[in-house]
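Asks: This is the structure, below, for whatever I ask next.
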Amino acid sequence: MVTTRGPGQRAGLTHAGIIRAARALLSEGDHELLSLRAVARRLGVAPNALYSHVPSKTALLDDVLDDVLASVVAPDPDLDDPTAGLHAVMASTYAILEAHPDLVPLYQARQGVRGPNAVRLGHVMDALLSRAGVDPAAIPQARRVLIIHTIGSAAFATASRDGERQRVPADDVRRSFSKSLQWLLDGIVASHGAGLASP
């Protein structure tokens, strides 16, 4: 029996393989140089072979960024202390971003991430914010503020490694992020609902 396969299938391509190749390219240089053509060249295939897996450069960037978020540890939304849970998920996100300094500018440029892992983490955050007593109408903004704070802090932490000297020790930046995150969470809960006591 004869079957018809698309270009990507003939090349033996997988979405995961394309993401790995894109991440390798990003780790080697300027993210502006990333393109579907560059990824195809790295994989030894024609550029049109990628389109059955990734429709555009923007989609490729979103997929790469979302793939990294798969490593973020998300707590159970039903845990006893939702504020501690929010602190844990944002601290895990910060650690992942800090471990991938080459990708942090892309998270800033894209103003967050779109994709299944981002959606999963968003649902966890919303559930924890709700259980912490935050007004439902304020939850989307509270989630956005927490994400902006985390990405911005990671950008500061990773930028401080560039150049001949490190302006602020990484451990100090990490501790400052943890403390400021707790202050932010306390303020969100205090301002937008009855909340639960923080540890």
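The values are calculated or read from the model by the stated rules, or taken from the named source; none is laboratory data. Quick caveat: nothing in here was measured; it's all calculated off a predicted structure. Every residue, glycine among them, receives a Cβ derived from its backbone with ideal geometry; neighbour counts consider all protein chains shown.
Asks: I'm trying to understand the selection: among the residues of segment 10-22, which are at pLDDT below 90 and either surrounded by fewer than 13 Cβ atoms within 10 Å (Cβ to Cβ) or among the basic types (Lys, Arg) (or both)?
Replies: Listed by number, the residues that qualify are ARG10, GLY12.
Asks: Just one of the numbered conditions (1) more than 14 Å from the chain's Cα centre (by Cα); (2) of a type in the set (D, E, K, R); (3) under 29 Å from ASP172 (Cα atoms); (4) modelled with pLDDT of 90 or more is not true of ASP30; which one?
Replies: Exception for ASP30: condition (4).
Asks: Considering only segment 102-136, state which residues are under 15 Å from HIS31 (Cβ atoms) and of a type in the set (A, V, I, L, M, F, W, C).
Replies: LEU103, VAL104, LEU106, ALA109, VAL113
Asks: Hey, can you tell me all the residues within segment 42-53 that are within 14 Å of ARG23 (Cα to Cα) and in contact (Cβ under 8 Å) with a residue 24 or more places away in the chain?
Replies: Step one: of segment 42-53, the residues within 14 Å of ARG23 (Cα to Cα) are 42-43.
Matches in segment 42-53: LEU43 only.
Asks: Quick one: how many residues across segment 75-104 are among the hydroxyl-bearing types (Ser, Thr, Tyr) and without any contact (Cβ under 8 Å) to a residue 40 or more places away in the chain? Write out each step before concluding.
Replies: Here is the first cut: in segment 75-104, the residues among the hydroxyl-bearing types (Ser, Thr, Tyr) are 83, 92-94.
Filter once more, keeping what is without any contact (Cβ under 8 Å) to a residue 40 or more places away in the chain: 92.
Final tally of qualifying residues: 1.
Asks: Consider only pairs whose beta carbons are under 8 Å apart and that are at least six residues apart or on different chains; among these, list those whose first residue lies in segment 106-122 and is closer than 20 Å to ALA74 by Cβ and whose second residue is in a loop (DSSP other than H, G, I, E, B) and of a type in the set (A, V, I, L, M).
Replies: Filtered contacts from segment 106-122: TYR107/VAL113; ASN117/VAL72; ARG120/ALA74; LEU121/VAL72; LEU121/ALA74.
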